[in-house]
Amino acid sequence: MGKRRRVAERRKTGPVVVGGMIAVVAVGAGLGVYALYGGGAAADEGTATTAGHRAVKTGPLSAAEVRTASTRFLTAWQQGHVPEAAAATDDPSAATALLAGYTKDARLKNVTLTAGRTTGAKVAFSVKATVSYKNLTEPLAYDSSLTVVRRKSDGSPLVGWHAQVVHPDLRDGDTLVTGASGTPPIKALDRDGGELTAARYPSLGTVLDGLRDKFGKEAGGKAGVELRVVRGKASKAAKLSDKTLVALSQGTPGTVKTTLSPSLQTAAEQQVGKQKQASVVVLRPSTGEILAVANTGHGFNTAFQGSLAPGSTMKIVTSTMLFEKNLITPDAQHPCPKTYKLAGWTFHNDADSEIKKGTFKQSFGASCNNAFIDFAPKLSDSDLTKEAQQVYGLGLNNWSIGVPTFDGSVPVQSGAQMGASLIGQGGVRMNPLNMASVAATVQTGVFHQPYLVSPSVDGRTTAKASRTMSSKTQSELKDVMRYTAAYGTAAKAMAGLGGDSGAKTGSAEVDGQKKPNGWFTAYRGDLAAAGVVQAGGHGGDTAGPIVATLLKMGG
């Protein structure tokens, strides 16, 4: 008797083909109609072999497989069929928990999902829903996306599960919750008493979230009812703050005054908006007050929490160490060879340049790498780490500025990695806040921990450096930074600033990235600033104009 191919019975609530469109018949009150794709019907999910084994599919996903997997997931999610939606992902357990909470904890109903553009295996979609809590309701609308992947065991197409599929502000381990917020809202003010809002200053969204987390209960406000992203363990470890998505009742905000300058903040927002991935911080060296912070992208505060190799801007810290150890002086003859071999690595200068007969100051100004790396044999593995920690307050994870920060990292390394650290590569990681503080410390000779809210507001203790550079070392640092601003790689950006100013450029290579991250840090009078443009190229050309424009505003 011949074998028969079984045909699965079509579910009455499943996808049906109507006029060339895959659609879903809405079931139950509050479910919208979901029109997913134009084109033909979805392809079969796979056929069993005669031996009773399913073949393992490999290779790129077809358009039909992407349609089938995404349709199955989005349809089940919209209809509230959590087990079916979770089973359409590659992590059913995590998907079940978050999707069940979407209704139970986030109190979302009337969910309507509409697919948008498909790019390869990535499917964009929009979400409309209603947040309902007791007698309060508010609409919710946002865009998200999913990516279809192959299951390792059999190659079946499934939705690759991450919490961001449910909402782009979620990270794995986070949840959505609607209810009376445990943290009252705040009204944040600039240094002149004006209100700071994300609508006026888009870069401040994450900063305002952080201020609320830190000062909401202390500022005397009363909590309202909100739909919020509540951070899980991993997000808290990454210092991400809870985030309000929808306010059903506003509550009564408490007031928190910051150190931000409205004019500098406005200018900083405008400057980073000229680049695709730019971040900048402006400080007052004499006090540590943060006057401006801005990022092109508003979902993550790279300026405060980024962890990026700082490239040659790190040569400021390296030079501090070399000057303190009396290994070099600015005007001492010190060639910069085209290549330098260290522990099996061959280091090159940018564009394979070299300085055969020149001073250390000229190598600093030209940002010539090997003039720094060739000091490695004279240094211990921990020298740079100690310098960063003891003089610049970096890498101790103890800054308390009023919102979450990453405080830099200069790990103890050996061999070629230690050599790479001297030029801001290897394991060294910084952000614009850290590098603005480095420039500010050079300007004053003393580390003042940056802060956004005065420590007097809550009595918190700010970080202190364990020692101060000598006046001789400070003078030497300002000498090489002034030279760089006047004649070196920073000269074009710093042209016309004059006065007591100095600068350092940087370019940090990133694996898999065509152009390096461009860095620039500088001081002028009582202002210091640092910026980075990711994948922007040379810092003098990209981050330099951003920083210089802000320094021109006063100080």
### Task
Go through Ser367, Ser456, Ser437 for me and flag whichever is surrounded by fewer than 18 Cβ atoms within 10 Å (Cβ to Cβ) and among the polar types (S, T, N, Q).
Ser456
### Task
Select, from Asn398, Asn326, the only residue that is without any contact (Cβ under 8 Å) to a residue 12 or more places away in the chain and surrounded by fewer than 22 Cβ atoms within 10 Å (Cβ to Cβ).
Asn326
### Task
Go through region 139-152 and give me each residue that's under 18 Å from Val66 (Cα atoms) and either touching a residue at least 40 places away in the same chain (Cβ under 8 Å) or not basic (Lys, Arg) (or both).
Ser144, Ser145, Leu146, Thr147, Val148, Val149, Arg150, Arg151
### Query
Quick one: in region 473-515, which of the residues that are under 23 Å from the mean Cα position of the chain (by Cα) and without any contact (Cβ under 8 Å) to a residue 40 or more places away in the chain is nearest to Val428 (Cα to Cα)?
Asp511
#### Entry: Scope region 537-550; condition surrounded by fewer than 24 Cβ atoms within 10 Å (Cβ to Cβ) and either at pLDDT 95 or above or over 18 Å from Asp350 (Cα atoms) (or both); matching residues
Asp541, Pro545, Thr549
### Task
Determine which member of the set Asp331, Asp407, Asp383 is among the acidic types (Asp, Glu), over 30 Å from the mean Cα position of the chain (by Cα) and at pLDDT 95 or above.
Asp331
### Task
Could you tell me whether any residue of region 321-330 is in a helix (DSSP H, G or I), touching an Asp or Glu at 6+ places or on another chain (Cβ under 6 Å) and closer than 30 Å to Leu452 by Cα?
yes
### Query
When Gly210 is evaluated against the numbered criteria (1) touching a Pro at 6+ places or on another chain (Cβ under 6 Å); (2) without any contact (Cβ under 8 Å) to a residue 40 or more places away in the chain, which criterion, by number, is the only one it fails?
(2)
### Summary
Taking region 257-300 and keeping residues surrounded by 24 or more Cβ atoms within 10 Å (Cβ to Cβ), among the hydroxyl-bearing types (Ser, Thr, Tyr) and within 20 Å of the chain's Cα centre (by Cα) leaves Ser279
### Query
Is there a residue in region 164-176 that is aliphatic (A, V, I, L, M) and more than 24 Å from the chain's Cα centre (by Cα)?
no
## Note on the structure
The correct count of residues that are assigned to a strand (DSSP E or B) and either in contact with a Ser or Thr (Cβ under 7 Å, 6 or more places away or on another chain) or among the polar types (S, T, N, Q) (or both) in region 503-526 is 13
### Message
Checking the structure you have, find out if any residue of region 483-490 is more than 17 Å from Pro545 (Cα to Cα), out of contact with any Ser or Thr (no Cβ under 6 Å at 6 or more places or on another chain) and not assigned by TED's automatic domain parsing to the domain that holds Asp192.
### Response
yes
### Query
Of all the residues that make up region 77-103, how many are within 28 Å of the chain's Cα centre (by Cα) and among the aliphatic types (A, V, I, L, M)?
5
### Task
Taking Thr197 as the residue in question, decide whether it is surrounded by fewer than 20 Cβ atoms within 10 Å (Cβ to Cβ), assigned by TED's automatic domain parsing to the domain that holds Leu240 and in contact with a helix residue (DSSP H, G or I) (Cβ under 8 Å, 6 or more places away or on another chain).
yes
### Summary
Thr489 fails exactly one of (1) assigned to a loop (DSSP other than H, G, I, E, B); (2) in contact with a Pro (Cβ under 8 Å, 6 or more places away or on another chain); (3) more than 30 Å from Gly220 (Cα to Cα), namely (2)
## Note on the structure
Scanning region 85-125 residue by residue, those out of contact with any helix residue (DSSP H, G or I) (no Cβ under 9 Å at 6 or more places or on another chain), loosely packed, with under 14 Cβ neighbours inside 10 Å and more than 16 Å from Leu176 (Cα to Cα) turn out to be Gly116, Arg117, Thr119
### Query
What residue, among those in region 59-73 that are touching a helix residue (DSSP H, G or I) at 6+ places or on another chain (Cβ under 9 Å) and touching a residue at least 60 places away in the same chain (Cβ under 8 Å), is surrounded by the fewest Cβ atoms within 10 Å (Cβ to Cβ)?
Leu61
### Query
Can you name every residue in region 143-171 that is surrounded by 14 or more Cβ atoms within 10 Å (Cβ to Cβ), assigned to a strand (DSSP E or B) and not hydrophobic (A, V, I, L, M, F, W, C)?
Ser144, Ser145, Thr147, Arg150, Pro157
### Query
Which residue pairs have Cβ atoms under 6 Å apart, sit 6 or more places apart or on different chains, and have a first residue in region 110-123 that is within 13 Å of Thr75 (Cβ to Cβ) and a second that is of a type outside the set (A, V, I, L, M) and part of a strand (DSSP E or B)?
Thr112/Lys128; Leu113/Tyr34; Leu113/Phe125; Thr114/Ser126; Ala115/Phe125
### Query
Restricting attention to region 436-451, does a residue exist that is aliphatic (A, V, I, L, M), closer than 24 Å to Glu289 by Cβ and without any contact (Cβ under 8 Å) to a residue 24 or more places away in the chain?
yes
### Message
Taking the criterion of being among the aliphatic types (A, V, I, L, M) and not in a strand (DSSP E or B), would at least one residue in region 113-120 satisfy it?
### Response
no
### Message
Criterion first (crowded, with 24+ Cβ neighbours inside 10 Å and assigned to a helix (DSSP H, G or I)) does Ala529 satisfy it?
### Response
no
### Message
With the requirement that a residue be β-branched (Val, Ile, Thr) and under 15 Å from Val246 (Cα atoms), what does region 109-139 give you?
### Response
Val127, Thr130, Val131, Thr137
### Message
Being part of a helix (DSSP H, G or I), over 16 Å from Gly426 (Cβ atoms) and in contact with a Cys (Cβ under 9 Å, 6 or more places away or on another chain) is the filter here; which residues of region 363-379 pass it?
### Response
Ser363, Ala366, Ala371
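The values are calculated or read from the model by the stated rules, or taken from the named source; none is laboratory data. Keep in mind that what you see is a predicted model, and the values were worked out from it rather than measured. We place every Cβ from the backbone using ideal geometry, glycine too, and count neighbours over all the protein chains shown.
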